[in-house]
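The values are calculated or read from the model by the stated rules, or taken from the named source; none is laboratory data. Note that this is a predicted model, so its numbers are computed, not measured. Quick reminder, even Gly has a Cβ in these numbers, built from the backbone with ideal geometry, and neighbours come from all protein chains shown.
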Amino acid sequence: MSAIRAIIVDDEQDSRESLRNYTAKYCPGVEVVAECSNIQEAKAAIGEHHPSLVFLDIEMPYGNAFDLLEQLEEVNFEVIFITAFSQYAIQALNMSAAYYILKPIDIEELIHAVEKGRERLLANETINTARILKENLSLPAKQKQRIVLPLIDGFEVVELSDILYCEANDNFTRFYLTNGQAPMICRKLKYYEHMLFGQGFCRIHRSYMVNLDYVKRYIKGKGGAVILSDGKELQVSNSRKEDFLKQFR
């Protein structure tokens, strides 16, 4: 693969210089062809240089990253977001499988993000993470939000409202969906527990996390059990019982 043509978009000159220097030193095969301080410059540079990769600061004066993406007819390049955003936005970034680097820039994070982008470019695998991320940030209702689940042969985009429950399986998590599918994802359940915090999901057992919208009945006991809308019965551990019941008070 030829050198990856990259553009840096950040309103802070020091940030642009640091990222340019780090990329030159630690990311061989990446050529920074332009640096931009606002979305107007970025739009022009993208049209001129046709980059494969754009490092894009989310928050900038006179327009943010999503304003830029909306102005483009198509996004045919990989995006690595640069952010000092709140936890909520980081949650949305993870749900959309978008690559991001937190400020101040960590070299290991930069290397990892660039390598992931390189892999996707080599595989010619496209997913509009920027569009899914924008939708998740602008539509706080859980029913409209989506999550990107990485599969061995690609990925699956799933609406949160289509997830019945998740089951831990060693280093994997199985997602049980309303359509009967149950994809196995190479991530621990704890990863998704943090990602979906505040989105209407509750960890009820070391093995289970449920979508509270589908809980139809609770059966008392030491920990108890829940019955989901599809008839599935799942145990509630004693240590997680109180947190679960709080959701219904």
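Within the stretch 230-245, is there a residue that is part of a strand (DSSP E or B), under 24 Å from residue 184 (Cβ atoms) and either in contact with a helix residue (DSSP H, G or I) (Cβ under 8 Å, 6 or more places away or on another chain) or at pLDDT below 95 (or both)? Looking for residues that are part of a strand (DSSP E or B), under 24 Å from residue 184 (Cβ atoms) and either in contact with a helix residue (DSSP H, G or I) (Cβ under 8 Å, 6 or more places away or on another chain) or at pLDDT below 95 (or both), one finds none in the stretch 230-245, hence no. Out of the stretch 95-116, which residues are surrounded by 18 or more Cβ atoms within 10 Å (Cβ to Cβ) and assigned to a helix (DSSP H, G or I)? Those that are surrounded by 18 or more Cβ atoms within 10 Å (Cβ to Cβ) and assigned to a helix (DSSP H, G or I): 95, 110, 113, 114.
Could you count how many residues in the stretch 34-84 are surrounded by fewer than 16 Cβ atoms within 10 Å (Cβ to Cβ) and β-branched (Val, Ile, Thr)? Qualifying residue count, the stretch 34-84: 0. Taken together, 102, 68 contain a single residue that is closer than 30 Å to residue 189 by Cα and modelled with pLDDT of 85 or more, which is 102.
Taking the numbered list (1) at pLDDT below 95; (2) part of a helix (DSSP H, G or I) in turn, residue 198 passes all entries but (2).
When residues in the stretch 1-10 are screened for being surrounded by 17 or more Cβ atoms within 10 Å (Cβ to Cβ) and of a type outside the set (Val, Ile, Thr), 3 of them pass. Determine whether residue 149 is buried (at least 16 other Cβ atoms within 10 Å of the Cβ) and either over 17 Å from the mean Cα position of the chain (by Cα) or closer than 21 Å to residue 231 by Cα (or both). Against the criterion (buried (at least 16 other Cβ atoms within 10 Å of the Cβ) and either over 17 Å from the mean Cα position of the chain (by Cα) or closer than 21 Å to residue 231 by Cα (or both)), residue 149 does not qualify.
Could you list all residues from the stretch 51-75 that are of a type in the set (Phe, Trp, Tyr) and within 17 Å of the chain's Cα centre (by Cα)? Walk me through it before giving the result.
Step one: filter the stretch 51-75 for residues of a type in the set (Phe, Trp, Tyr), giving 55, 62, 66.
Passing the criteria: 55, 66.
The number of residues in the stretch 180-195 that are within 14 Å of residue 160 (Cβ to Cβ) and either touching a residue at least 40 places away in the same chain (Cβ under 8 Å) or part of a loop (DSSP other than H, G, I, E, B) (or both) comes to 1. Exactly one residue out of 174, 217, 187 is more than 20 Å from the chain's Cα centre (by Cα) and of a type in the set (D, E, K, R), and it is 217.
Which ones in the stretch 163-173 are touching a strand residue (DSSP E or B) at 6+ places or on another chain (Cβ under 6 Å) and buried (at least 16 other Cβ atoms within 10 Å of the Cβ)?
Just the residues of the stretch 163-173 that are touching a strand residue (DSSP E or B) at 6+ places or on another chain (Cβ under 6 Å), to begin with: 163-167, 172-173.
Selection gives 163, 164, 165, 166, 167, 173.
Do we have residue 25 as without any contact (Cβ under 8 Å) to a residue 60 or more places away in the chain, assigned to a helix (DSSP H, G or I) and more than 25 Å from residue 135 (Cα to Cα) here? When the stated conditions are applied, residue 25 passes them. Taking the criterion of being in contact with a helix residue (DSSP H, G or I) (Cβ under 9 Å, 6 or more places away or on another chain), more than 30 Å from residue 69 (Cβ to Cβ), part of a helix (DSSP H, G or I) and not aromatic (Phe, Trp, Tyr), would at least one residue in the stretch 213-222 satisfy it? Checked the stretch 213-222: at least one residue is in contact with a helix residue (DSSP H, G or I) (Cβ under 9 Å, 6 or more places away or on another chain), more than 30 Å from residue 69 (Cβ to Cβ), part of a helix (DSSP H, G or I) and not aromatic (Phe, Trp, Tyr). Taking the listed residues 78, 17, the one that is of a type in the set (D, E, K, R) and under 16 Å from the mean Cα position of the chain (by Cα) is 78, with no other qualifying.
Among the residues of the stretch 77-108, count how many are among the polar types (S, T, N, Q) and either without any contact (Cβ under 8 Å) to a residue 24 or more places away in the chain or in contact with a Cys (Cβ under 9 Å, 6 or more places away or on another chain) (or both). Walk me through how you get there before you give the answer.
First, pick out the residues of the stretch 77-108 that are among the polar types (S, T, N, Q): 83, 86-87, 91, 94, 96.
Imposing the further condition that a residue be either without any contact (Cβ under 8 Å) to a residue 24 or more places away in the chain or in contact with a Cys (Cβ under 9 Å, 6 or more places away or on another chain) (or both) reduces the set to 86-87.
Residues flagged as among the polar types (S, T, N, Q) and either without any contact (Cβ under 8 Å) to a residue 24 or more places away in the chain or in contact with a Cys (Cβ under 9 Å, 6 or more places away or on another chain) (or both) within the stretch 77-108 amount to 2.
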